[in-house]
Structure formats: structure tokens, C-alpha cells
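Shown next, in C-alpha cells, is the structure this report addresses.
The values are calculated or read from the model by the stated rules, or taken from the named source; none is laboratory data. Just so it is clear, the model here is predicted, and its values are computed rather than measured. With ideal geometry, Cβ positions are generated from the backbone for all residues, glycine too; neighbour counts draw on all protein chains shown.
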Amino acid sequence: MNENNIVELEKTDISKIEIREIEWQGPYSWIGYEEQNGLDKLPDIEGVYLWTFQYKDGFLVYCAGITKSTQKRFKQHTLEYKFGNYTVFNVSEAEQGNRVEIWHGWSYARAHREEFNERQEEILKAVEEQLKSFRVFITQMFDKRERMRFEAAIMNHIYNSTEPWAELADRGMALSKRRKDEIQIVIKNLSNVKLYGLPKKIEI
């Protein structure tokens, strides 16, 4: 939790703050790559997920997402990667916390389909490497609005970080943070491994 969040909590009636413990499970494999990376299959849950790269003595959060079904959502993500719509990295560099792109997705991809078609073999090979390298963490959360707030809090925490590895994080996400009429919730993140980019406590 950063200093601004702490100051905000000090000004708030503590009785109006809900405190919860969230346990992160993982690392799991990206769907379809279990045999290649030797990780357990991703359970099908409703909640929040993290895409991470192996980093130092733990894992570096690249992106947080929300879903009603991890199985369905990750199959959608796989298709988007293989269509060239998502950004693809040099995995070796990403695992050092460095942002070195092989292909830039999103609006760039839509405007440069000819380039994608010309480089398709190279890009799809890099996609395979990236999906194999991802380490996925999940936590169950049934309330849709709370999932949205949690996702926004995680990504905004990374965006506001001054750590060099924060530049790796996915950008341009449609995030929906807490509204003024919503009760503050402080999440205590519990994990058996170190997750860089995920604080031990975070207000959503």
C-alpha cells in the first residue's frame, strides 16, 4: 500500500473499512502447455488471475484480469495471441524485468496486418514461447464489482511503481476502481511465493 493510500485510510472511519484475506493459488500452466512446462492444469474458477513471468526469487506480475471462467477466458486469450492482437515479448528479457517487444498488439496490430502476415511465422513462434513461459496465479472472487475493483487496484499499483520492471506491465487496460459510494476494502494478499508487483496489502 503506498503512502497516499495510508493517508486516505487514516482519514477514514475505520468501521467503514472491510478487511479480507485473499489466498493466491499457483503457479499454474497456461491452458494447453502443461506437458511443456511441467505445471499443474489451471482450475476453472470465477475470480481474478495474474499472468506472471519467472523473476529472481519469485514471479513478476505482467497483467491482472477478471473472469467468470478461467477456462473459457484463457481460450479466448490464446486465440487473441495467435491472431496477433496481443503484445509479444522476448521472454528471456521479460524474465529479467525488461520490456523488449517482438510484436506490439492492440491498435498497432489492427493497423499493421500486412506486417503481421509477413512476420507471422516468427511472431507465432514467439507467442508459443510466451504462453509456455507464463506462470498463472488465481484467486476466487464471486462478486463481479469487487473483481473489477481488485483488478484496477493491482494494475494501478504497478503503474505507480518506480521499479524498472513496472514498465513491463500491460498498458491501456479499461480499469474500474472504487467509486466514492462504495465501502473501502483492504485486501491482504497471501501467497506461498513472492509476487513482484503485488503488495501484501492493497485497498480496492
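Things to note:
- Residue pairs whose Cβ atoms lie under 7 Å apart, separated by 6 or more positions or on different chains, with the first residue in the range 96-111 and closer than 28 Å to Gly58 by Cβ and at pLDDT 95 or above and the second among the acidic types (Asp, Glu) and not in a loop (DSSP other than H, G, I, E, B), are Arg99/Glu167; Val100/Glu93.
- Contact map, the range 121-138: first residue over 14 Å from Ser29 (Cβ atoms), second residue in a helix (DSSP H, G or I) and modelled with pLDDT under 95, Cβ cut-off under 8 Å, separation 6 or more or different chains; the map is empty.
- Applying the condition of being in a loop (DSSP other than H, G, I, E, B), of a type in the set (A, V, I, L, M) and out of contact with any Pro (no Cβ under 9 Å at 6 or more places or on another chain) to the range 189-204 and asking which residue is farthest from Arg135 (Cα to Cα) yields Ile204.
- So Ser161, is it out of contact with any Asp or Glu (no Cβ under 9 Å at 6 or more places or on another chain), of a type outside the set (Phe, Trp, Tyr) and in a helix (DSSP H, G or I): no
- Residue count for the range 77-114, restricted to those that are more than 17 Å from the chain's Cα centre (by Cα), among the acidic types (Asp, Glu) and under 20 Å from Thr52 (Cα atoms): 2
- Check on Val186, in contact (Cβ under 8 Å) with a residue 12 or more places away in the chain, among the aliphatic types (A, V, I, L, M), in a helix (DSSP H, G or I) and at negative phi: no
- Ile123 being touching a strand residue (DSSP E or B) at 6+ places or on another chain (Cβ under 7 Å) and buried (at least 18 other Cβ atoms within 10 Å of the Cβ): yes
- From the options Ser133, Ser161, Ser92, residue that is modelled with pLDDT of 95 or more, of a type in the set (Ser, Thr, Tyr), more than 23 Å from Lys75 (Cα to Cα) and surrounded by 16 or more Cβ atoms within 10 Å (Cβ to Cβ): Ser161
- Of all residues in the range 96-140, those that are charged (D, E, K, R) and in a strand (DSSP E or B) total 2.
- Here Ala153 fulfils each of the conditions (1) over 17 Å from the mean Cα position of the chain (by Cα); (2) closer than 23 Å to Glu23 by Cβ; (3) assigned to a helix (DSSP H, G or I); (4) touching a residue at least 40 places away in the same chain (Cβ under 8 Å) apart from (1).
- Checklist (1) closer than 23 Å to Ala152 by Cβ; (2) in a helix (DSSP H, G or I); (3) touching a Lys or Arg at 6+ places or on another chain (Cβ under 8 Å) applied to His77, failing item: (3)
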